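Quick notes on the structure that follows.
The values are calculated or read from the model by the stated rules, or taken from the named source; none is laboratory data. From a predicted model like this one, the values you see are computed outputs, not experimental measurements. Here the Cβ is made from the backbone with ideal geometry for all residues, glycine too, and neighbour counts use every protein chain on show.
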Amino acid sequence: MAAKVKKGDKVVVLTGKDKGRTGTVLKVLPTENRVVVQGINVVQRHTRASQTNPQGGIINKEASLHLSNVAVADANGKPTRVGFRVEGDKKVRFAKSTGEVING
């Protein structure tokens, strides 16, 4: 099945502690139905000192969100559902609210 949310998309968080905030998708985990969004769902990881991180300590990083908790933002920045249609010989994604093609 084609992906409705892709890396680089601008998304709006629908539920949870970051509800209403927007961010860019950094990573999509299709097998787990999850996405990692820049600056959203930031958690603190307590890390042990290692070769790559000799200091160790507390590191802030983005945790993944379930796909159902995010929606692609349309041109106005509002959440919208995504549909597919064929234009010429290409299958493209479009915003259901405005009908505009989502590039990416």
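What the table shows:
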{"read-out": "Tally of residues being under 27 Å from K17 (Cβ atoms) and among the β-branched types (V, I, T) across region 44-100", "value": "7"}
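The rows are residues; the columns are (1) in contact with a strand residue (DSSP E or B) (Cβ under 7 Å, 6 or more places away or on another chain); (2) surrounded by 10 or more Cβ atoms within 10 Å (Cβ to Cβ); (3) modelled with pLDDT of 95 or more; (4) not in a strand (DSSP E or B).
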{"residue": "V11", "(1), (2), (3), (4)": "yes, yes, yes, no"}
{"residue": "T24", "(1), (2), (3), (4)": "yes, yes, yes, no"}
{"residue": "V35", "(1), (2), (3), (4)": "yes, yes, yes, no"}
{"residue": "I40", "(1), (2), (3), (4)": "yes, yes, yes, yes"}
{"residue": "V72", "(1), (2), (3), (4)": "yes, yes, yes, no"}
{"residue": "S97", "(1), (2), (3), (4)": "yes, yes, no, yes"}
